Amino acid sequence: MSIQETYEKMKEKLGKILPDFEIKYKAELVYKINQLKEERNAVILGHNYMEPALFHTIPDFKGDSLELSRKAAETDKDIIVFCGVRFMAETAKILSPDKLVLLPAKKAGCSLAESITAEDVRKLKKKYPGIPVVTYVNTYADVKAESDYRCTSGNAARLVESLNSDTVIFLPDEYLAKNVAKETGKHILFPTKKPRAKKENTIEYQLIGWEGKCEVHEKFTVEDIKNVRKQFPDVVVLAHPECSPEVTEAVDFSGSTSAMIKYVEQTSAPRYLLLTECSMGDNIAAANPNKEMLRLCSVRCPHMNEITLEDTLKSLEKLQYVIEVPEKIRKRAYKAVERMLAIG
Ligand code: SF4
């Protein structure tokens, strides 16, 4: 496809949400990236939170982090470029140890992944021996290696229920833990808080959580929802389960990024508000031009924002930044994924 054809295709998809000069400039980058992708025998993965000009152009696969890593592992490509954040690229490496995995920006971190260390998990396991540890996918490889199971926001409640254990250690997202507790009827103990002393050493609580939070999703409040509903009574409000339980209670639908996309596609309401990372609302708006996405959101994940078309081009040119996971950690982290997949 020529630069002109790339521009025309982008114009058709993104013309309503991006100015023409931006589409023209980015079409050149997209063209170069696609050329280099072929030459290098690379596959590009685009997380749902990537900015629209990247999301709708260069990725071979788009979606949630685990789903993307699984798809990339099935390809015969030599290189995986992960347009997402570091823990996602590590997940791709865990599933594809023989491929070269690249992250276009060196920094791209995550407040949730950084909230807990492998040492924290080891201490919890010592304090609560024999209790299964479920770790959310938004963690680094060494934390996953300490876990028995890994989960996504889409299967967390199902996985916790399937364990058939009175008590579960669920890490590290406080709000997701509370939402899972609400769904499964389990109670939660947060060991980093100081709950009433006499209860701390009993197994009265069934789900042991942590106080990690997504710095994007924690910003949404019930007040935001009330204000929007006042202005637009017919609006359908959706929220990610990394939002507080008060927020997920007040919305029409709560689910993973993929579940929210599906919901919008399969529902006939004219107007939606997504309480999640801003770019995802833009990406859904571009894919569903007949549905209105309220643009009240100004919450952009600073880590996802690190990934640009310019950096992705540089990543392919210079083969940077290489993601490595020590084999000992990788094998243990892989087991946690395998156990999750066995549960479904
Ligand atoms: S949106 Fe939240 S969970 Fe996702 S990468 Fe950003 S900080 Fe982490």
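What the Cβ-Cβ distance of Lys125 and Glu246 gives, at R0 = 30 Å and to the nearest 0.05, is a FRET efficiency of 0.45.
Taking only DSSP H segments of four or more residues, each worth -39500 (n - 2.57), what value at 222 nm results for the chain once the sum is divided by all its residues, to the nearest 500 deg cm²/dmol?
Details: 16 runs with 156 residues, N = 344.
Here the helix-only value at 222 nm equals -13000 deg cm²/dmol.
Taken over the chain, the alpha-carbon convex hull comes to 133 cubic angstrom per residue. Each of Thr248, Thr75, Thr139 has some number of other Cβ atoms within 10 Å of its Cβ, and from fewest to most they run Thr75, Thr248, Thr139.
Against the chain, whose longest principal axis is taken from its Cα atoms, helix 174-184 shows a tilt of about 70°.
Placing unit charges on the Cβ atoms of the charged side chains and taking the dipole of the chain about its Cα centre, the candidate lying farthest along the positive direction among Leu100, Leu207, Ala27 is Leu207. Projected label points at Arg332 and Asp234, each 7 Å from Cα along the beta carbon direction, are separated by 5.6 nanometres. Coupling constants for region 284-291 follow from the phi torsions by the Karplus curve (6.51 cos²θ - 1.76 cosθ + 1.60, θ = phi - 60°), and in residue order they are 5, 4, 5, 7, 10, x, 7, 10 Hz; glycine and proline get x. Taken as Cα centroids, region 210-231 and region 51-91 sit 28 Å apart, rounded to the nearest whole angstrom.
Between helix 309-318 and the chain there is an angle of about 90 degrees, using the helix long axis and the longest principal axis of the Cα atoms. In this simple spin-label model, placing a label point 7 Å from the Cα along the Cα-to-Cβ direction at both Glu211 and Asn164 gives a separation of 3.6 nm.
By the count of other C-beta atoms within 10 Å, a proxy for reagent exposure, Arg158, Arg86, Arg150 are ordered fewest to most as Arg158, Arg86, Arg150. Positive end of the dipole of region 22-86 (Cβ unit charges, origin at the Cα centre): among Phe61, Ala72, Gly84, the Cα lying farthest that way belongs to Gly84. In the structure shown, do any of Lys37/Lys77; Lys107/Lys314; Lys93/Lys262; Lys9/Lys99; Lys107/Lys318 have a Cα-Cα gap over 21 Å, and if so which? Over 21 Å apart, Cα to Cα: Lys93/Lys262; Lys9/Lys99. Angle of helix 222-231 to the longest C-alpha principal axis of the chain, folded into 0 to 90 degrees and rounded to 10: 50°. For region 227-324, the Cβ-based charge dipole about the Cα centre amounts to some 340 debye (Lys, Arg positive; Asp, Glu negative; other atoms uncharged).
Charging the Cβ of each Asp and Glu at -1 and of each Lys and Arg at +1, and nothing else, the dipole of the chain about its Cα centre rounds to 840 debye.
Since every read-out is calculated from the coordinates, none of them should be taken as a lab result. Here the structure is a predicted model, which means the values were calculated and not measured. Please note: Cβ atoms are built from the backbone with ideal geometry, for glycine as well, and neighbour counts cover all protein chains shown.
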